[in-house]
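Here is the structure we will look at, set down as structure tokens.
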Amino acid sequence: MGMCRSIKTLRGTEPTAEEVRAAALQFVRKVSGYRAPSRANEAAFTAAVDEIEAAAGKLLADLAAPGARPEGSSGGVAVLDGVTLRKRRPSPILGSTGEASKPASK
């Protein structure tokens, strides 16, 4: 299942309270399967929207700005004696050691 298309990304946009509420409402609608709940489910639906709104607001407030790195972070780059070293990612073909993996013996 893909992400709901009508929920827009709020991070980095300084969203309004209305935009956070709308995203929470859309999320609860998607999860519950209700566009508008019945009277029997209205309290649970509204409580869920309130909780998601609060959690989304806290998340957005706590997230670092796009592109920000923790203090002292080099983004996977180290400089040693004037030589720039980049952190290597394991190759899906070579594996973490950098050597070709041997076929399994039978």
With N set to the residue count of the stretch 1-66, report its C-alpha Rg divided by 2.2 N^0.38 Å to two decimal places. 1.17
For the stretch 7-46, listing trypsin sites (Lys or Arg not before Pro) in a DSSP loop whose Cβ sees at most 15 other Cβ atoms within 10 Å gives Lys8, Arg11, Arg35
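No value in this document is a laboratory result; all are computed from the given coordinates. Computed from a prediction, not measured in an experiment: that's the story for all the values here. Cβ: placed from backbone, ideal geometry, glycine included. Neighbour counts: every protein chain shown.
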